Each structure stands twice: as C-alpha cells, then as structure tokens.
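Each remark here refers to the structure printed beneath this line.
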Amino acid sequence: MSTQDKVKINKLPTGVPGLDEIVGGGLPEFSFNIIAGAPGSGKTTLAHQFVFANASPERPALYFTVLGESAIKMLRYQQQYSFFDPAKLPESIRFINLSQVVLTKDLGAVLEEITKEVEKANPAVVVVDSFRTMVRKPESDMDLQSFIQRLALFLASWQATTFLIGEYAEDELRDNPIFTVADGLLWLRQTAERNSIVRKLQVIKLRGQDSVPGLHTFRITDAGVQAFSRTFGLTARKRNPPSDRRLCFGIPELDKMLDGGVREGDSVLVAGSSGTGKSVLATQFIAEGISHGEPGIVAVFEERPEAYAERATSLGLDLETPQKDGKLTILYLRPLDLSVDETMQSILDAVQKIGAKRLVIDSLAGFEMALSPGFRADFRESLYRMIFALTGIGVTILSTVEVDESFTEFPFSTYSISFLTDDIIRLRYVSIDGQLRKIMVVIKMRGGNHAKDIREYEITSKGVVILGKRLTNFQGLISGVPVHSDRSDLKEEPAQESRIGSKG
Amino acid sequence: MRDLAHRLLAYEVSAGKTAEPTASATLRVYEKLRQSLSGVAGVAAFESLAFRALTQAKSEAPSLWPVQIAGDGSLQGLGELKPQIDMDKDLADKFPCGDGGIVLIARLLGLLLMFLGEAITLRLLRNAWPREAFDDRNSEHGRKA
C-alpha cells in the first residue's frame, strides 16, 4: 500500500510539555486510551491538560466523573493550574457526574447515560474519571470489560478521543484483559526514594505510534504535568556527520597540543583537583568561542552566574556583554529535588534557544549534588543520553570534574565517566624543587592526534598560560612527586606538539 | 453578594416587565444559575451547592422553611413564601414576598464564589445573563460583582 492510500491519523497535542515527543508527536485522534496509576500520580491533571488543549465550542470535551472527585472539587482544585482556562467553560468543556447512576443502576445504565450525553454534545474528547470506581462488586470485572468494550466501540464511531482513568497498582499491569481493548496505555507511577518523590511515566502501548520506550521522568508544578523524554526530544533530529573542524581554547600552546583544538561535536573532560584551573580553562573555552561568533552555555552549580562572570572579568574575559547580546547564557541550576532529566532539559532548552555551539558543565560533581538523592542513581545514564544527543547535533561539550589528588594514582575521574568523553585533559599538582606546581597533559583525543607532552602551566591574570617547553628532566611527573632524571644537561626540549600522535 | 442577588432579581423583574411576585423572579434567577452550573459541572454539583445554600439561607430567613431542593436541583415550595418583617423597603413593591429569595440567591452566589472562584463564577453569570455586564473585582471603574 502506498503512503497515499493509507489512512491519515491526525495527532492531537497532549497539552503536556514534553509528552508529545514521548508519544511520537501527539496522541492519535479518535484513539481509546487508559491512563493508569496509583492515587495522586497525576492522572486527572494529565487528562485535564489534554482536555483544555483540544476542546472547542464546536467539538467540546465531556468529562464524566464517577465516584471519585466531585465536579465542584475538581473545578476548585484544577483551576489552580496555569493551563486551566475558565473561558472554556461551559461551551468547550462540561463536567457530568455519573455517581447517581452508578450507585442506583448498573453499568448498562451508565453506558446509556454516556451515550445520551455524547450524542447530544458531539464531543471531540471524552474522559471517564475514574472508570474503575464503577465496579463495586468483585464479580463485576467481566461486566467492566464488556462495558469498556462497548464504550470503546461507541466512542470510536462518534469520532471522540477517549481517556479512561483508573487506579491500578503496579502488579495489576500484567494480564489485565481491559488493557487489550485500549489503543493507548499510559502508566504513571511515583515512588519515594529517601526523602524525595520520583515520578515516572511509561507508554506501555500506543497503537500506530512511534513512542519513546522506557520510563520518563515527569513533574507536577503550577503548570500541571511536565514530562521529560529520555531522549530529550532530540530523537527526530539527525545526527550530524563527524566534523573535522577544530574549536580552539585561545591558549596557543594547548591548542597545539590538541592538534589545532577540540574537534567540533566532541565531549571534552577537564579533570583535576581543586584549584588546578578547570573552571578557568572552561571559561577561556567559552570566551574563545564567543569571540568567533559561537554562542555558548555555561551550566554552573557551585557558584552564582554573577560570580562566574566576575571571575572571568578578572581574567580579562568579558562575559557580561555576550549575555546581554544573547550569545551566552549562564545557567545556575541548584534547586532541591530536581530530577536529572529536568536539569538536563533546562540545559537543552538554553542550548536550543540561543543556538549554542559550545556548552560548559562546571562541574559534574556540582551537577550530581544538585539533584535530589533519588535521581543520583540515574545520573550517569542521563548524562550519557544528554551528551550523546547534544554532540550529535554538533554542540561541543566541556565538562569539568574534580578528582582526588593522589600521589600514587592518576585517575581521570571519580565518576567512571571517561567513556562519555572523546577527549580528556588532565590537570594536576606536582611537587618540584620545593614548590607545588601545575602540569597538564592531554590523555586522549578520540579519532585525532594529540601531543603526549606533559606541560607545566600557571594561572595568571590572563588565564591559563603554558610555560616553556615540555619537561624532560623529570621522571614520574604524573605521580605528582617526580625525581630529577640524570639528563641534567638537558632541562627542556622543544614541545612535540601533536607530531607524536595516537589514535583513539 | 446581597447586592448582586438584588441586582439579578431586579433584572429579572424588569426583564419580565410585569409585577410578578418575588417567587417568580427568584425562581427565574435560581433556574438560570441551575442551568448554568449544571451545564458546566453537572446536576449533582449544583444540587449539593443549592442544598447547602438553602440550609444557610433558612437560618437567616425563616420564611424559607417550606422550601426544598429536588433531586434535579430544582426549587420547590418557593411560591408559598409570605412577606417578611425585615423586608427591604425599596423592594417591597417589587418583591412583595420579602427578601428570603435574595438571601437564598446571595448564599448560592457566595458558595459559587468560594468553591469555584471569581473567574468561573463570572463566567457562569455571563452565560446565564449574556446581556448584563458583570465586571470583575479588579476592575477599577466597574461595578463589583
């Protein structure tokens, strides 16, 4: 069958930020959906968002309440959300309480009542909240299944997109015949992890849609439900082909060590202990990009944006003007109880808003600490997804990470996240001639040459400045406690730059 | 609320252009509110609010004692109201059956405002009386709802 012959299924906006991406671009028109989850998981709010996003005077929404929340209470509480538009009442949205019918009659009468109202209003959207409370006797499960089957058939023919809302526990998901009737099944869950509540939603099934599998974090705020796709909404975007373009730090000697700079679209890790100049290097990276017309984002977790910009000024770098010009955004992300996906969505929004080409995350330790404890377990996985998504569209990411200074080891990161990075620059202290000095080395550059030199550097009023030539008269520099080699006649040799390279 | 109730009753009297008894004007206001709220939130929602409003109003206006709320939210027994001693003198000619009706409507409006808020209440009123101007409280020059 050609594309032309296929029936076109319209996709309706869910009204829930982030959810359209998760369900594959919107919910199929005329679909019969079940929103399931425990009490308080946000089912009613999600349904309301869909209703307010899609109801119109010509094709209104009918919201049937059963034995749960009364319509008055529902209106009272739901109007607290910003999506609630009283102007839609009553022409576009009507609430109908079925409790009397449910209490005094059988499911057949309930179906009859719904049928009557639907035929009268010709609605585009029908919600039954909560359909499970219709069954008051355990032996009525079969009746409920039959009721749902008939309701689904009827509403489909009336061209209504339907939601049944039901309270279900986790273990009821399997082998429930009711779910087979539905075109779509959205499962909302919330769990307590330490002192935080973690909310996740899952599209268990959605006929005819390319939904994003897996558990997606969501949050309920004054704006209602907001979902954060595991793929951060970037699944539809094609990955850019690998670029040969190099992005400089503006530190000539370092750029030489990197064979001209970091490759565009790479993820760079700058690792070092406290005071080694990781943030200075990151600031220079961003400032250099801006000077070449490349907008940048700096996500800071350990200091406020003003302090960050002031420190840059002390290095002779102006971060104020590009902020005013919309070329730079310094994000301060340190709220409590933030989910990792929500934090990353903030970064992504900022990146997309100004078309950023360079992103600095300063630092990964601060990032992790800003998250609520329940989300820290997801940190590495989410970070991987974000880095993969952003680098895929050509954004170059520089992350700083603090490592414990050891004089017996040379760790790149305490997070075991080296696999996330294409390039690693290691900064560390060394003890030389009774002084605590600093050295820098490029550990790896994926797919490119780089110098293997160990170079000494200082942090001056101009930022990171690499000193002299490579150090050749010491052994064991990376141990932090080097010893003078026997080659005392040859203190320094010319830097190799990137002529001795390694791949991968 | 009393001012607004008075205004709605006066509107219904003038709209009818007849010297109908209070019960008739009160019933028309009540019915319009019933239709309006039932249309948005269902009959059961209106019936529960109306029952509460009537209970409150009865303590203030004993003339309402014979009045009942039916299962569909409609008002029964209002036609049997007798004039009250505390009747508003200005309304005496227009509303010979006293202010029990005003009290009931005022209580109902008060509950609507309390439970649904100003925006939705105004929406319901505008829906019921499309030709009347109901300004919100924040309107500096408008009449207060």
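Scan A:ALA287, A:ALA271 and give me the residue that is under 14 Å from A:ILE425 (Cα atoms), within 26 Å of the chain's Cα centre (by Cα) and either at pLDDT 90 or above or part of a helix (DSSP H, G or I) (or both). Within the list A:ALA287, A:ALA271, the selection yields A:ALA271. Just one of the numbered conditions (1) more than 13 Å from every other protein chain (Cβ to nearest Cβ); (2) surrounded by fewer than 20 Cβ atoms within 10 Å (Cβ to Cβ) is not true of A:ARG76: (1). So, in region A:121-132, of the ones that are out of contact with any Lys or Arg (no Cβ under 6 Å at 6 or more places or on another chain) and assigned to a loop (DSSP other than H, G, I, E, B), which residue ends up modelled with the highest pLDDT? Per the criteria, the residue is A:PRO123.
A:PHE301: crowded, with 20+ Cβ neighbours inside 10 Å and more than 26 Å from the chain's Cα centre (by Cα), yes or no?
Numbers: crowded, with 20+ Cβ neighbours inside 10 Å: yes; more than 26 Å from the chain's Cα centre (by Cα): no.
So A:PHE301 does not fit the description; no.
Residue check: is A:LEU89 within 14 Å of chain B (Cβ to nearest Cβ) and without any contact (Cβ under 8 Å) to a residue 24 or more places away in the chain?
Details: within 14 Å of chain B (Cβ to nearest Cβ): yes; without any contact (Cβ under 8 Å) to a residue 24 or more places away in the chain: yes.
Here the answer is yes, as A:LEU89 does meet what is asked.
Return yes when A:SER243 is in contact (Cβ under 8 Å) with a residue 12 or more places away in the chain and surrounded by fewer than 18 Cβ atoms within 10 Å (Cβ to Cβ) and no when it is not. Can you show your working first?
Numbers: in contact (Cβ under 8 Å) with a residue 12 or more places away in the chain: yes; surrounded by fewer than 18 Cβ atoms within 10 Å (Cβ to Cβ): yes.
Considered against the rule, which asks whether it is in contact (Cβ under 8 Å) with a residue 12 or more places away in the chain and surrounded by fewer than 18 Cβ atoms within 10 Å (Cβ to Cβ), A:SER243 comes out as yes.
Looking only at region A:19-47, which residues are assigned to a helix (DSSP H, G or I) and either free of Cβ contacts under 8 Å to residues at least 24 places away in the same chain or under 12 Å from A:ASP183 (Cα atoms) (or both)?
Looking only at region A:19-47, we keep the residues that are assigned to a helix (DSSP H, G or I), and these are A:19-22, A:43-47.
The one that is assigned to a helix (DSSP H, G or I) and either free of Cβ contacts under 8 Å to residues at least 24 places away in the same chain or under 12 Å from A:ASP183 (Cα atoms) (or both): A:ASP20.
Would it be correct to say that B:LEU37 is within 26 Å of A:GLU91 (Cβ to Cβ) and either modelled with pLDDT of 90 or more or within 14 Å of another protein chain (Cβ to nearest Cβ) (or both)? Spell out the reasoning first.
On the way: within 26 Å of A:GLU91 (Cβ to Cβ): yes; either modelled with pLDDT of 90 or more or within 14 Å of another protein chain (Cβ to nearest Cβ) (or both): yes.
So B:LEU37 passes the test.
Starting from residues that are part of a helix (DSSP H, G or I) and surrounded by 23 or more Cβ atoms within 10 Å (Cβ to Cβ), keep the ones in region A:313-341 and report whichever is modelled with the lowest pLDDT. Explain how you work it out, then say what you get.
Of region A:313-341, the ones part of a helix (DSSP H, G or I) are A:313-314, A:320-324, A:340-341.
Applying the additional criterion that residues be surrounded by 23 or more Cβ atoms within 10 Å (Cβ to Cβ) yields A:340-341.
On the way: A:VAL340: 73, A:ASP341: 77.
For region A:313-341, the residue satisfying everything is A:VAL340.
Counting residues in region A:229-237 that are within 26 Å of the chain's Cα centre (by Cα) and either among the aliphatic types (A, V, I, L, M) or at pLDDT 90 or above (or both) gives one or more.
Scan region B:41-61 and report the pairs whose first residue is away from every other protein chain (no Cβ under 14 Å) and whose second residue is acidic (Asp, Glu), with Cβ atoms within less than 8 Å and a gap of 6+ or a chain change. Listed by first residue and then by second, the contacts come to B:ALA61/B:ASP99.
If you filter region A:92-120 down to residues that are at the interface with chain B (Cβ under 8 Å from one of its Cβ atoms) and not in a helix (DSSP H, G or I), you find that the one that is nearest to the chain's Cα centre (by Cα) is A:ILE93.
Looking only at region A:411-418, decide whether some residue is closer than 17 Å to A:LEU477 by Cβ, buried (at least 16 other Cβ atoms within 10 Å of the Cβ), at pLDDT 85 or above and hydrophobic (A, V, I, L, M, F, W, C). For region A:411-418, residues closer than 17 Å to A:LEU477 by Cβ, buried (at least 16 other Cβ atoms within 10 Å of the Cβ), at pLDDT 85 or above and hydrophobic (A, V, I, L, M, F, W, C): absent.
With respect to (1) outside any helix (DSSP H, G or I); (2) at pLDDT 85 or above; (3) of a type in the set (Gly, Ala, Ser), the lone exception for A:ALA350 is condition (1).
When B:PRO66 is tested against (1) more than 11 Å from every other protein chain (Cβ to nearest Cβ); (2) part of a helix (DSSP H, G or I), only condition (2) is not met. Which one is surrounded by the most Cβ atoms within 10 Å (Cβ to Cβ) among residues in region A:422-439 that are among the hydrophobic types (A, V, I, L, M, F, W, C) and either closer than 15 Å to A:VAL401 by Cβ or at pLDDT below 90 (or both)? Among those residues, the one meeting the criterion is A:ILE425. In the condition set (1) crowded, with 18+ Cβ neighbours inside 10 Å; (2) part of a loop (DSSP other than H, G, I, E, B); (3) without any contact (Cβ under 8 Å) to a residue 24 or more places away in the chain, A:ASP175 is compliant with all but (1).
Of the listed requirements (1) farther than 29 Å from A:SER479 by Cβ; (2) without any contact (Cβ under 8 Å) to a residue 40 or more places away in the chain; (3) buried (at least 17 other Cβ atoms within 10 Å of the Cβ), A:VAL360 misses just one: (2).
The values are calculated or read from the model by the stated rules, or taken from the named source; none is laboratory data. Quick caveat: nothing in here was measured; it's all calculated off a predicted structure. A quick note on method: Cβ atoms are made from the backbone with ideal geometry, for glycine too, and the neighbour counts reach across all protein chains shown.
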